[in-house]
């Protein structure tokens, strides 16, 4: 898989053709994006085989909910079975630290591929243990002590029973976040007397760091969801190469690191030399670079700049191909 992702990245990094084509559709695409009204769920923990438990009300940070989860609640650990939890890129990094393994090894050992349907992009879902019958526990659930990676548990686990979504309003350039309540029949936490605001709940669950690190990932999913809704650039959805690029940056930092240091990437892009040593070992820094790269290549955003001689060569080639003087 890593070799295939490396080859895909090298094939996709054809900056001259990207520059030549993306400028032609950018203005029209921006107009169409502004007309879209997109609502995309990003972080949520849901059970398999249950009726839709999502409450229709949108919650803001100042709104109040009644909920508490602790060992004495009769349903303790029930929510850790048959759960659909999308793993964010920062989830993978934190789990790797907790388990003292590489981020890419977390992907290989504990995650299963799935589809983020609004965007059509490949993402990863937390695996469940093999067990007799239909009740399958999370791979990190200890039946006696609960979550074995609790201090580094995924964002969706921290949010539960809330979910995070982004909405793209008509006439707005950027999406806005809001929250929704997941209220499942088995969960007795909703019957607990503790009341708190959404902001207080999220602070107690320490989600701010996760949200900050996953911001670019969410941004890309939102824009790709907009592409899918509107027919995509050039009138089509992003192709398999784009999907593989996105998965590599999100979930396989080892493959992306090989691409950055083993191709002409650093010759083409103006990456601060002081960062290069950090990129060799720091998956967080590498992920930030990867999402900057995707945003620049896919959306023409000014997140990562071509070196001047590369940019001039791309412009010259585009002019030659289009017959411009």
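As a rough footprinting exposure proxy, the listed residues 95, 181 were ranked by other beta carbons within 10 Å of their own, and the order from fewest upward is 181, 95.
For the range 43-205, the convex hull spanned by the alpha carbon atoms encloses 142 Å³ per residue. Computed packing ranks the peptides 53-64, 245-256 as 245-256, 53-64, most packed first, by mean other Cβ atoms within 10 Å. By the count of neighbouring beta-carbon atoms within 10 Å, fewest first, 138, 187 end up ordered 187, 138.
So between residue 109 and residue 70, what do we pick up on full extension, going 0.36 nm a residue minus the alpha carbon distance?
Working: separation 39, 0.36 × 39 = 14.04 nm, distance 2.88 nm.
Separation in residues times 0.36 nm, less the Cα-Cα distance, equals 11.2 nm.
Packing order of peptides 193-203, 281-291, 79-89, highest average first: 79-89, 281-291, 193-203 (average count of other Cβ atoms within 10 Å over each peptide's residues).
Values quoted throughout were computed directly from the atomic coordinates according to the rules given, and no laboratory measurement underlies them. All values derive from a computational prediction rather than experimental measurement. FYI the Cβ positions are ideal-geometry reconstructions off the backbone, even for glycines, and counts take in every protein chain you see.
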